[in-house]
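The values are calculated or read from the model by the stated rules, or taken from the named source; none is laboratory data. What you are looking at is a predicted structure, and each value in this text was computed from that prediction instead of being measured. Using ideal geometry, Cβ is built from the backbone for each residue, glycine included, and neighbour counts are taken over all protein chains shown.
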Amino acid sequence: MTFDVPLFLGPALETVARVLGLCDRKFGSPSYGCCDRIHWHYRVTDFANARMQEAGLLLAVAYAAPLPGNHFHHKAAIRDWTRAIWRFWLDHRNSDGSVIEVYPYERSNCATSFTAACFVESVALLGGVAEWRDELAQAEQTFSWLSTHSSPEVANQMAASMLGLAGYARLTGKAEVREAARRRRDEFVATVAADGTYPEYGAFDAGYQSITLSALVRVQRLGDTDTALSDAIRRGEAKLAAAIDDLGRTDYEHNARSTQFIYPYGLAARRSQALSRFEEGLRANAILRPTWMDDRYCIPLAADHLLTAWELSNANDAH
């Protein structure tokens, strides 16, 4: 089977260009690397939403992915801006390593989990320990915080924190973080329903199920061969695939959190039969794509589409 890579690549690259406009790219600026334009440019908020820094992963994938038509590939400026994004994140965390998303003095499990995962994946793509030793050392407190804070009622946050912990352990070799990742994995697996639901406040939501599946597949690709995790991924994919119609849509009125989006990377990595239905939805403009999302949500969805394009390009080459 040949996959239609441009369907995923095109919207992702369009979003990269848009996201560059959200970031302060002026070297020497006090907010250099900040991706919350509402904060650094319009001065509407007193602090930056840390989740906007997930733009660092989007840029890192754009830099690293050798895909036809990817004009961001190996551009030095993209690499420099990615580093600036993560340095801003490191410098603007709370004293305990957690980060703020919305509220003053907040210690957001959601934002800390997702940004930490994006940070370690960016580092792995852009040189690893050899080039990011100082930043990895500075980040250690965040992973210590994550090791003792979780949200078992929200599967997507659990999966993101697992990915962050596992990625940091792989990069640094720290046994205590590897053990924390194992505990988080076991804690997560225990919450998965018999029918494959990854619970979002106790119920199924297809959009968040797809985010969770995407993160779990990436944990597995870090070398986690745990059979319980593999079974949770298999059942979770089947549950998600069954909720996707012939045009890649889900019944959002029956999603626990009313989501209308699907993150495709988990389906792509698993070579799910539902991926062809998702492709049909993209061709028909029937499902949400990154370019349609607001500033906050276009970033992670575009990163997932770009990872999907890379995955499927490699699959096409293998054939």
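Only one of the numbered conditions (1) aliphatic (A, V, I, L, M); (2) surrounded by fewer than 21 Cβ atoms within 10 Å (Cβ to Cβ); (3) not in a helix (DSSP H, G or I) is not met by A17, and that is (3). Selection of segment 61-87 for residues being surrounded by 24 or more Cβ atoms within 10 Å (Cβ to Cβ) and under 13 Å from E135 (Cβ atoms) yields T82, I85, W86.
Filtered by the rule that a residue be polar (S, T, N, Q) and assigned to a helix (DSSP H, G or I), segment 248-286 gives a lone residue, S276.
Taking segment 225-243 as the range and being buried (at least 17 other Cβ atoms within 10 Å of the Cβ) and either charged (D, E, K, R) or under 21 Å from the mean Cα position of the chain (by Cα) (or both) as the test, the residues that pass are L229, A232, I233, R235, G236, E237, K239, L240, A241. Taking E121, is it in a helix (DSSP H, G or I) and either more than 24 Å from E176 (Cβ to Cβ) or of a type in the set (G, A, S) (or both)? Judged against the criteria, E121 is not a match.
Y198 is checked against (1) at pLDDT 95 or above; (2) more than 29 Å from F119 (Cβ to Cβ); (3) not hydrophobic (A, V, I, L, M, F, W, C) and fails just one. What number does that condition carry? With (1) at pLDDT 95 or above; (2) more than 29 Å from F119 (Cβ to Cβ); (3) not hydrophobic (A, V, I, L, M, F, W, C) applied to Y198, the lone miss is (2).
Summed over segment 128-160, residues that are over 22 Å from S108 (Cβ atoms) and assigned to a loop (DSSP other than H, G, I, E, B) total 1. Candidates are the residues of segment 197-209 that are among the hydroxyl-bearing types (S, T, Y) and in contact with a helix residue (DSSP H, G or I) (Cβ under 8 Å, 6 or more places away or on another chain); the one that is surrounded by the most Cβ atoms within 10 Å (Cβ to Cβ) is Y198. Residues in segment 161-196 that are surrounded by fewer than 22 Cβ atoms within 10 Å (Cβ to Cβ), part of a helix (DSSP H, G or I) and of a type in the set (V, I, T): T172, V189. Taking first residues from segment 3-20 that are touching a residue at least 24 places away in the same chain (Cβ under 8 Å) and partners that are among the β-branched types (V, I, T) and surrounded by 23 or more Cβ atoms within 10 Å (Cβ to Cβ), the Cβ contacts under 7 Å between residues at least 6 apart in sequence or on separate chains come to F8/T308; V19/I299.
Could you please tell me which pairs satisfy a Cβ distance under 9 Å, a separation of 6+ or placement on different chains, a first residue in segment 142-156 that is closer than 18 Å to L213 by Cβ, and a second residue that is of a type in the set (A, V, I, L, M, F, W, C) and part of a loop (DSSP other than H, G, I, E, B)? Within 9 Å, the pairs are P152/A190; A155/V192. Evaluation of D317 against the conditions (1) among the charged types (D, E, K, R); (2) touching a Leu at 6+ places or on another chain (Cβ under 7 Å); (3) over 20 Å from F114 (Cβ atoms) shows that the sole unmet condition is (2).
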